[in-house]
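Working notes for the structure below.
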Amino acid sequence: ATSTATASVAPGACPDGMATIPGGPMFMGARDLIPAADAKPPHRVQISTFCLDKTEVTVGAYQACVDKGVCERALDHVSWPDITEALKKKYSGYCNAGQADKAKHPINCVAWPMAENYCKHIGARLPTEAEWEYAARGSSQKKYPWGDDPPSGKFLNACGKECADAWKKATNEA
């Protein structure tokens with residue numbers, strides 16, 4: 001899902017619908033013993049104060065940009081390098097665009113350039129990797145925004161009823 005940010009701002013100067021994320025220092029990077037190939041070791045960075053959307057960009061908001069002829073239509077299927085037809089069929093139903101009952105859901109199934117273009121259209125930008133991590137974790141070096149406890153229904157709302165139903169279906173068919 002897309003979220004927009006703004007350039008560095010003075011605290012309290014964010015537009016409606018955006019939260020002020022006060023700047024500060026943080027360590028970003030992989031702390032795993034065997035990090036991913038593209039991950040850097042932890043290094044200290046300084047984040048300037050910035051604004052970040054309080055909620056994700058909705059299907060309706062993104063579609064309004066499409067309707068103006070400024071944004072490219074969101075995909076109705078998942079896509080990544082070397083995706084199999086079986087995986088495409090399995091996960092494409094979770095794409096929200098084009099589903100009338102999902103206008104208030106977060107837009108998904110958009111590529112980075114599509115999200116970047118949307119942000120430019122509304123006078124914003126995508127948050128940087130460092131800003132995104134800082135907004136999620138702060139400077140505390142915790143694993144998750146809520147601390148170090150693993151994700152669970154107590155801490156994380158990662159999907160709605162459709163995900164729970166899909167999980168039940170998948171585990172009953174296994």
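The values are calculated or read from the model by the stated rules, or taken from the named source; none is laboratory data. None of these values were measured; they are calculated from a predicted model. For neighbour counting, all protein chains shown are included, and Cβ atoms are generated from backbone atoms with ideal geometry for every residue, glycine included. In case anyone asks, the SASA skips ligands and DNA or RNA and just uses the protein heavy atoms, side chains included. Shrake-Rupley method; radii C 1.70, N 1.55, O 1.52, S 1.80 Å.
Side notes on the structure shown:
- Sites matching trypsin sites (Lys or Arg not before Pro) across the stretch 84-137 that sit in DSSP coil, with at most 12 neighbouring C-beta atoms within 10 Å: K104
- Solvent-accessible area of F155 with every protein chain in place, 1.4 Å probe, in Å² to the nearest 10: 70 Å²
- Spin-label pair K143-D101: with each label point 7 Å from Cα along the Cα-Cβ axis, the two points sit 3.6 nm from one another.
- Extension gain for R31-W112 works out to 26.6 nm (0.36 nm per residue, less the C-alpha to C-alpha distance).
- Nearest-10 value in Å² for the accessible area of D67, using the 1.4 Å probe: 110 Å²
- Area accessible to solvent at L75, 1.4 Å probe radius, in Å²: 60 Å²
- Listed cross-link partners K88/K120; K90/K169; K120/K142; K89/K168 are compared with a 21 Å cut-off, the Cα-Cα value being larger for K88/K120; K120/K142.
- Per-residue ³J(HN,Hα) for the stretch 124-134, Karplus 6.51 cos²θ - 1.76 cosθ + 1.60, θ = phi - 60°, Hz, x for Gly and Pro: 10, 8, 6, x, 6, 4, 5, 4, 4, 5, 5
- Largest-first ordering by accessible area, 1.4 Å probe, given options V57, V70: V70, V57
- For S92 and L75, the difference between the fully extended length at 0.36 nm per residue and the C-alpha to C-alpha distance is 5.2 nm.
- In order along the stretch 72-77, the Karplus-derived 3J(HN,Hα) couplings, from 6.51 cos²θ - 1.76 cosθ + 1.60 at θ = phi - 60°, round to 6, 4, 5, 6, 9, 8 Hz, and Gly and Pro are given as x.
- Computed FRET value (nearest 0.05) for K161 with A39, which takes r as the C-beta separation and R₀ as 22 Å: 0.05
- Here the gap between K120 and T84, fully extended at 0.36 nm per residue and compared with their Cα-Cα distance, gives a gain of 9.7 nm.
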